[in-house]
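Heads up: the structure comes next, in structure tokens.
Bear in mind that the values in this text are calculations on the coordinates, not laboratory data. Please read all numbers here as calculations on a predicted model, not as lab measurements. Neighbour counts run over all protein chains shown; Cβ positions are idealised from the backbone, glycine included.
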Amino acid sequence: MSRLPRFSGLGEAGRIVPASGHTAVLTSITSAAMAFLAVFALALSLSSGQLAQRWSDTLAQSATLRVSAPASEIAAQTAVVVEILRTTPGVASTRVLEIDEQRALLEPWFGPDLPVEQLALPRLIEIIEAPQGFDPVGLRLRLAAEAPGAILDDHTRWRRPLVQAAASLRGLAWVSVALIAITMAAMITLAAGFSLAANAQVIGVLRLVGARDAFIARAFVMRLTLGALIGATAGTAVGLLAFALLPVAGDTGFLTGLGFRGLGWLTPLAIPPLAALIALVATRAAAFRVLRKES
Amino acid sequence: MIRLTNVSHDYGGSGLLSRVDLHIAPGAFYFLTGPSGAGKSTLLKLCYGELRQRSGDIALFGQDLATLSRDALADTRRRIGVIHQDCRFLDHLTLAENVALPFVATGRPVPEADLRELLTWVGLQHRADALPPTLSGGERQRAALARAVIMSPEVVLADEPTGNVDWEMSQRLLSLLVELNRMGTAVMIATHDLTLIRAAKSAVSARILRISDHTLQAAGSDLS
């Protein structure tokens, strides 16, 4: 005798179900496709989360104060406002924008030759907040009393919808991840059902030699879980490769910021084991259901 | 060991087996005869719990089949070796792996020395690596016998084990089953081959049962 039985590698149960067959291939392909989509959904979720944080942080740490007054009074009004800000708790620093900076702000709309000096433009004061922030309501009341032409814009009306939009996007991305997981579980459950039906002879032989349901189920679970793991690993690898090959165009825009950064590249590595776990649970449930039904 | 009391069975049409009483005792040797379609295979399946009877009682090793849990039935089947005419192998596993399957299915390590000895006993030690589709009819039957006895069952049920082999091979299979019986294993062979039964008379003291008119009858005198 040249060789004795070797039920190793996959585990003794796993080798009992033939590796070939369209259900095993279907499981692997489904897992690969779902893992590929999951990589994109995960990237969208992480990117939108980072974007929401970035927008929130950027806008939350600054405010703008607009001083409107007749040309003869605007310098005095600005000085009053700056003094008010200097004594306001929570204001780290203030800076009155120069005429050139205001021209640069208006240039996209009016072109480079705009005679800013001849316009009755308000003066803009940039406020940088201290970490604890300032009280915008209190500041508005004080400005109304001492500098009626000054209007505080703490960016709330801009910040809130942007952050909400980014948060919604992140929520949708997580819903997509969940739907992908559910779809994958459903597909693998169907594949498990087909596999059990196609391997009725295997089940018959195992019953004949005294195998319990748990062993038979484990044989199918091992086979399909391995297929799902291999497929999901391949799908994740292709998805990560696609992101790695995406052109980098800076990180200020949303679409150009779509992808993984730093340790974020490690996040998709959770997809293959999660896919295998989904396959394991789905196949086990399907196997026991079929085995109970057929006896 | 296996006791059927007033057992009837059918497949939804007219009755196939009616009020069958059978007791397979330890160390006994039985031939089960009858024409094709009489219910021999059905009776064997009832004996190892693959089929559930329509009425009557079946007890396997003192346990009522009707009350056995699924796991308990699986455990009970390990005490019964079954040989089918079509052998029922897993074609992607080697002969040795198929023979060792009962150990694998019960989560026990395969005793390599016992496996070697068993394959030598059935004359298949040189075919251990062969896949079932490449085996001849006689080799398949001997491999099925090896698989049926590897767990040292208390009873072996063989359904037409010589149906696909020539006379010489059927004699060899019979001698293996007789040898097994001499070691204390109860054997029941379902066959319609009366010459096989006659050939066994000189080697073993066997009871001969016949299914006729849906009932089980002792038929020893008819064959002498």
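Sorting A:95-107, A:232-244, B:51-63 by average packing, meaning the other beta carbons within 10 Å per residue, from highest down gives A:232-244, B:51-63, A:95-107. Around the amide H of B:Ser212, modelled in the peptide plane, lie the amide H atoms of B:Gln217, all under 5 Å away and 5 or more residues distant in sequence or on another chain.
Each principal axis of the Cα cloud of segment A:69-148 was evaluated for its coordinate range; sorted largest first, these ranges are 40, 29, 16 Å. Assign one of three labels to segment B:135-199, namely rounded, prolate or oblate, based on the Cα gyration tensor with a ≥ b ≥ c the square roots of its eigenvalues; rounded applies when a/c is under 1.5, prolate when it is not and a/b is larger than b/c, and oblate otherwise. It is oblate, given that a/c is not under 1.5 and a/b is not larger than b/c. The HN-Hα couplings worked out from phi for segment A:185-197 by the Karplus form 6.51 cos²θ - 1.76 cosθ + 1.60 (θ = phi - 60°) are 4, 5, 5, 5, 4, 4, 4, 5, x, 4, 5, 5, 5 Hz, whole numbers, x standing for Gly and Pro. Overall, segment A:69-148 carries a charge dipole of about 300 debye about its Cα centre when +1 sits on the Cβ of Lys and Arg and -1 on the Cβ of Asp and Glu, all other atoms neutral. Mean separation of Cα pairs under 8 Å and 6 or more residues apart, divided by the residue count, gives segment A:64-222 a relative contact order of 28 percent. In a Debye calculation with equal point scatterers on the alpha-carbon sites of the protein assembly as shown and no solvent, what is log10 I(q)/I(0) at q = 0.11 Å⁻¹? Computed log10 I(q)/I(0) values: -0.99. Alpha-carbon geometry of segment A:99-221: the Rg and the Dmax are 33.6, 99 Å, given in that order. Counting Cβ atoms of other protein chains within 10 Å of each residue's Cβ and taking the mean over peptide B:98-111 gives 5. Listed by chain and number, the aspartates and glutamates placed with their C-alpha closer than 20 angstrom to that of A:Lys293 are A:Asp213, B:Glu50, B:Asp71, B:Asp75; residues fewer than eight positions away on the same chain are left out.
Using a cutoff of 8 angstrom between alpha carbon atoms and counting only pairs six or more residues apart, the relative contact order for chain B works out to 29 percent.
If r is the Cβ-Cβ distance from B:Asp57 to B:Thr195 and R0 is 45 Å, what FRET efficiency results, to the nearest 0.05? Between B:Asp57 and B:Thr195 the formula returns 0.80. Once you reduce segment B:108-183 and segment A:135-150 to the center of their Cα atoms, the two points are 100 Å from each other. Comparing B:Ser8, A:Trp55, B:Gly81 along the charge dipole axis of the protein assembly as shown, the residue lying farthest to the positive side is B:Ser8, per the Cβ-charge model. Charges on Cβ only, +1 for Lys and Arg, -1 for Asp and Glu, centred on the Cα centroid of the protein assembly as shown; of A:Ala242, B:Leu22, B:Val149, which one is farthest towards the dipole's positive end? Checking the options against the dipole of the protein assembly as shown, the answer is B:Leu22. With both labels modelled 7 Å from their Cα along Cα-to-Cβ, the A:Ser168 to A:Ala75 distance reads 4.8 nm. Based on C-alpha pairs under 8 angstrom that are at least 6 apart in sequence, chain A has a relative contact order of 35 percent. The amide H of B:Ser8, built 1.01 Å from its N in the peptide plane, has B:Arg19, B:Val20, B:Arg54, B:Ser55, B:Gly56 as neighbours under 5 Å, considering only residues 5 or more places off or on other chains. Mean partner shielding of peptide B:59-72, defined as the number of other chain Cβ atoms within 10 Å of each residue Cβ, is 1.
Summarising the overall dimensions of chain A from its C-alpha atoms, the Rg and Dmax are 31.8, 109 angstrom. Sketch the reach of a paramagnetic label on B:Asp129 as a point 7 Å from Cα along Cα-to-Cβ, and name the residues of segment B:85-123 whose backbone nitrogen lies under 13 Å away. Flagged as within label range: B:94-96.
Rounded to the nearest 0.05, the FRET efficiency derived from the C-beta distance between B:Gln171 and B:Glu117 at R0 = 22 Å is 0.50. Compared with the alpha-carbon gap, the fully stretched path from A:Ala178 to A:Val116 is longer by 16.9 nm at 0.36 nm per residue.
Entry note: chain B has Rg to Rh equal to 0.96, where both radii use alpha-carbon atoms and Rh is the Kirkwood radius. Estimated at 0.36 nm per residue, the fully extended path between A:Arg292 and A:Val25 surpasses their Cα-Cα distance by 93.5 nm.
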